[in-house]
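Since the structure comes first, as structure tokens, the remarks are kept for the end.
The values are calculated or read from the model by the stated rules, or taken from the named source; none is laboratory data. The structure presented is a predicted model; accordingly, all values stated were derived computationally and were not measured. All Cβ positions, even for glycine, are placed from backbone atoms using ideal geometry, and neighbour counts span all protein chains on display. Each accessible area value is taken on the protein alone, full model and side chains, heavy atoms only, with ligands, DNA and RNA left out. Shrake-Rupley method; radii C 1.70, N 1.55, O 1.52, S 1.80 Å.
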Amino acid sequence: MASLSSDLFYEILRRLDGPTLASAACACVAFCSISKEEKLWENVCSSMWPSTSREDVKSLISCIGGFRKFYADCFPLIVNKEVTEYQLNDHLEYPEEWTEAEYYGDVDEFESVAPSDFVSIVDIRYKDRTICSKVLWGIPNANEFNGWFYNCPFRIDLLTYAARDDDNDGEVFLSVSDGLPPILSMEKERKDGKLWTELRDGLRLSWIVVNKKVKQAANLASWSPLGGQRHWPTDKDFVIRFGSVLSAKGILPCQVVECILIMKFRVIHAEGEGVQTTLKLTELSMQLEDMEGAHVNGRNSLNILKKALSCHRSKNYSEVLESCHLYSKAQSELKEEKMRNESRLDRLRIISGIAAFLTFWYYIL
């Protein structure tokens, strides 16, 4: 290998994907030296996340440490196994334990986290083909401090606010030519669910959040869907859910929250209508929910997002799924415990009412 030129090594390495390039860097001194070339990692990032090919995004990545660091931060997915035992008794004491100032946070503390610091870099793939790439600078409708954004539920509707640089005014479509199975009728689809299966297995989402101020980035998506819903709210809609579990220690009493990324497709044409089956992307959104399913407000969401950029990550996808399943299990147990306690309270109220009624008539008679 010593007799081979560095140009040949470069040609070899530039054809590799990210994980293989990282492994090759550990093979020998020559590969390690050449693998530090930013252009190699720029090609890797552009291949995996086409949004990074934009000139403004390239400048952003250069400012936060370069493409090599960006890939190292965003390729592993967020893993959070610290799903604490969330007891209902703690929830009942919540209003007394947390004052309004503690819940909403001190103004000086949150001045360091501005909505304009965040950039969303989003890419959607279907069967290894990119169908949507969007970049959102800042967080919409959050210009004024102490405005409604900080005290209202946090939500980003990407399709509404992202810069629309692609064709068809930013509209995203999927059809048979993209690999979708043809649908003769929605009634048949409801029975066999073939289209739903293809969407669930073929769609991949990457939602990278960058904080320009602290120069950190992380991928908040689960890459593959975590779940979804067929035919909701209409028989032509398909809702696919991605996400991750984020730490909220020191921010919310529940300690962990779920970052929910929703992708919704609607069937606009079926084969029986004389044209090929076509789906349109109608929603791509992000929101944060606590363990009880309550929306997290904008003020707390900013701090949680900032904290998420420095949390633990893993390249092992099974660990990512395990983290999400642990959260779902804890959430289900919390709901069951809450229902049991409410049932006990209902029985206690009924017994108390009967006892009061009998006591009243006892003294009357």
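By accessible area, using a 1.4 Å probe on protein heavy atoms only, the chain has 52% of its surface on carbon and sulfur. Put simply, when 68-80, 13-25 are sorted by average Cβ atoms within 10 angstrom per residue, most first, you get 68-80, 13-25. The mean accessible area for residues of the range 6-75, using a 1.4 Å probe and ignoring ligands and nucleic acids, is 49 Å² per residue.
Dipole check for the chain: with +1 at the C-beta of Lys and Arg, -1 at the C-beta of Asp and Glu, and the Cα centre as origin, the magnitude is about 820 Debye. Shape annotation for the range 218-365: C-alpha extents along the principal axes are 80, 49, 30 Å, from largest to smallest.
Counting only Cα atoms, the size of the chain along its three principal axes is 110, 58, 40 Å, in decreasing order. Straight Cα distances below 17 angstrom link K307 to the lysines K81, K212, K213, K215, K249, with same-chain residues fewer than 8 positions distant left out. Adding -39500 (n - 2.57) for every DSSP H run of four residues or longer, then dividing by how many residues the chain holds, sets the calculated 222 nm ellipticity at -12000 deg cm²/dmol. The alpha-carbon of K191 sits under 30 angstrom from the alpha-carbons of these lysines, leaving out residues fewer than 8 places away in its chain: K127, K236, K264, K280, K329. Over the Cα atoms of the range 6-75, the radius of gyration divided by the Kirkwood radius equals 0.97; this is the Rg/Rh ratio. Each residue of the range 114-120 is assigned a 3J(HN,Hα), and the resulting list reads 9, x, 6, 6, 9, 10, 9 Hz, derived from the Karplus form 6.51 cos²θ - 1.76 cosθ + 1.60 (θ = phi - 60°), x at Gly and Pro.
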